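Quick notes on the structure that follows.
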Amino acid sequence: MSRPDIDYDTLSPDLGERAGANSPAAGKAGSDDSKGFLFGLVAMVLAALAMSISPSLVRLADVGPYASAFWRVFLALPILWVWMRHAEAAEPAAPRASFTMATMLAGIAFTGDLFFWHISILRTTIANATFFATMAPLWVVIFGWLLLRQRVSRATLVGLLVCLTGGTALVVQSLAFNPSRAVGDGLAVVTGAFFGLYFLAVGAARGGTNAARVTFELSVITSVLLFLVAIFFEPRILPQSASGWGVLLALGLISHAGGQGLVSVALGRLPTVFSSLVIFLETIAAALFAWILFGENVTLIQALGGVIIIAGIWISRPRS
């Protein structure tokens, strides 16, 4: 932890108000830069939408959950490599610290996230799995305080509570009538904890390099670890049909290259907790995809929950 590329003391002391040192150009595009904030917000919203299709794609894959997790990351590597080369060619003087401790921690955290996430999708409803997995803001607050002694503004805490209330409305019915899904729900809770660690690690990594390099390098680490997991746990790794490859390719290009890449972009411009709150939109979109593809109906209470989530994100927005 003493390495200069992850000096946590340089991170923002207030997760709820400042983007701080998460950005490699913090002095140039801080939290008071409205254009940078808007760009980051759009990136995070698009990331939530890109990742929201992943639970449905995991169910459609003709390989096991760990194999689909591996292919999801591995198939995205060429796109991420091209993005990295292009980004660094465009800004040759920008910092580009390689495989920092923060980036490696992000890769390990994302491995844990996908390990529990893909199996939870098969053990509970998509709405439940996505809600518990997107409880990352709660874990960002907890880990940020325990590990980094970072504070959170009152508005952010209120927004977090409102988002959790809305998310609960999205899943309360399935929780009430399907207690057998408890194991899947529990796995999704663990997913959320790893996702929270992932947010903090990527935010720290962005202090020393660009979003493209962070995303590519953490993906290299994640793909290696998930390959070992898949070899150990899965009876077969290769998909059995062209449609199976198509599903995995969509997972790689949309959910990982698109979703995680945009998360890295946004974390260079937005406060970490606020960014993780925007990811709650993934719960709404995933419920809609599950309704369209698998007939998991969206009730009036669930729709109201979606509105409450949006209100919570608005409440928690940075004021400066």
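The values are calculated or read from the model by the stated rules, or taken from the named source; none is laboratory data. Computed from a prediction, not measured in an experiment: that's the story for all the values here. We place every Cβ from the backbone using ideal geometry, glycine too, and count neighbours over all the protein chains shown. Each accessible area value is taken on the protein alone, full model and side chains, heavy atoms only, with ligands, DNA and RNA left out. Shrake-Rupley method; radii C 1.70, N 1.55, O 1.52, S 1.80 Å.
Yes/no per residue for (1) open to solvent by 10 Å² or more (accessible area, probe 1.4 Å); (2) hydrophobic (A, V, I, L, M, F, W, C); (3) modelled with pLDDT of 90 or more:
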residue: L218; (1), (2), (3): no, yes, yes
residue: V229; (1), (2), (3): yes, yes, yes
residue: E234; (1), (2), (3): yes, no, yes
residue: L248; (1), (2), (3): no, yes, yes
residue: A257; (1), (2), (3): yes, yes, yes
residue: A266; (1), (2), (3): no, yes, no
residue: T272; (1), (2), (3): no, no, no
residue: V278; (1), (2), (3): no, yes, no
residue: W291; (1), (2), (3): yes, yes, no
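If we keep just the residues of the range 129-163 that are more than 19 Å from the chain's Cα centre (by Cα) and not hydrophobic (A, V, I, L, M, F, W, C), which is most open to solvent (accessible area, probe 1.4 Å)?
The qualifying residue most open to solvent (accessible area, probe 1.4 Å) is R154.
Please verify whether the range 199-213 includes one or more residues that are among the polar types (S, T, N, Q) and in a helix (DSSP H, G or I). Let's see the steps before the verdict.
First, pick out the residues of the range 199-213 that are among the polar types (S, T, N, Q): 209-210.
Next cut, in a helix (DSSP H, G or I) only: none.
Scanning the range 199-213 turns up no residue that is among the polar types (S, T, N, Q) and in a helix (DSSP H, G or I).
What are the residue pairs meeting all of these: first residue in the range 234-260, first residue without any contact (Cβ under 8 Å) to a residue 24 or more places away in the chain, second residue of a type outside the set (A, V, I, L, M, F, W, C), Cβ atoms under 8 Å, and 6 or more apart or on different chains?
Within 8 Å, the pairs are W245/P239.
Exactly one condition in (1) at pLDDT below 90; (2) surrounded by fewer than 19 Cβ atoms within 10 Å (Cβ to Cβ); (3) of a type in the set (S, T, Y) is not met by T209; state its number.
That leaves (2) as the condition not met.
Sort through A193, A188 and tell me the only one that's assigned to a helix (DSSP H, G or I) and open to solvent by less than 10 Å² (accessible area, probe 1.4 Å).
Values: A193 fails: open to solvent by less than 10 Å² (accessible area, probe 1.4 Å).
On inspection, the qualifying residue turns out to be A188.
Quick check: is even one residue across the range 310-320 among the hydroxyl-bearing types (S, T, Y), under 30 Å from L157 (Cβ atoms) and either open to solvent by 50 Å² or more (accessible area, probe 1.4 Å) or free of Cβ contacts under 8 Å to residues at least 12 places away in the same chain (or both)? Write out each step before concluding.
Narrowing the range 310-320 to residues among the hydroxyl-bearing types (S, T, Y): 316, 320.
The next check asks that each one be under 30 Å from L157 (Cβ atoms); those that pass are 316, 320.
Right, trim to either open to solvent by 50 Å² or more (accessible area, probe 1.4 Å) or free of Cβ contacts under 8 Å to residues at least 12 places away in the same chain (or both) and you get 320.
Looking through the range 310-320, at least one residue is among the hydroxyl-bearing types (S, T, Y), under 30 Å from L157 (Cβ atoms) and either open to solvent by 50 Å² or more (accessible area, probe 1.4 Å) or free of Cβ contacts under 8 Å to residues at least 12 places away in the same chain (or both).
For residues that are modelled with pLDDT under 90 and in contact with a Gly (Cβ under 9 Å, 6 or more places away or on another chain), scanning just the range 79-97, find the one that is most open to solvent (accessible area, probe 1.4 Å).
It comes out as R96.
How about the range 98-118: which of its residues are within 24 Å of A290 (Cα to Cα) and either at pLDDT below 90 or in a loop (DSSP other than H, G, I, E, B) (or both)?
W117, H118
For G244, which of the numbered conditions (1) open to solvent by 10 Å² or more (accessible area, probe 1.4 Å); (2) farther than 19 Å from A109 by Cβ fails to hold?
Every listed condition holds for G244 apart from (1).
Of all residues in the range 33-78, count the ones that are open to solvent by less than 50 Å² (accessible area, probe 1.4 Å), in a helix (DSSP H, G or I) and hydrophobic (A, V, I, L, M, F, W, C). Give the derivation first.
Within the range 33-78, the subset open to solvent by less than 50 Å² (accessible area, probe 1.4 Å) is 33, 36-37, 40-41, 43-45, 47-48, 50-58, 61-73, 75-77.
Next, only the ones that are in a helix (DSSP H, G or I) stay: 36-37, 40-41, 43-45, 47-48, 50-52, 54-58, 65-73, 77.
Narrowing further to those that are hydrophobic (A, V, I, L, M, F, W, C): 37, 41, 43-45, 47-48, 50-51, 57-58, 67, 69-71, 73, 77.
Count: 17.
Determine whether S174 is surrounded by fewer than 24 Cβ atoms within 10 Å (Cβ to Cβ) and modelled with pLDDT under 85.
It is true that S174 is surrounded by fewer than 24 Cβ atoms within 10 Å (Cβ to Cβ) and modelled with pLDDT under 85.
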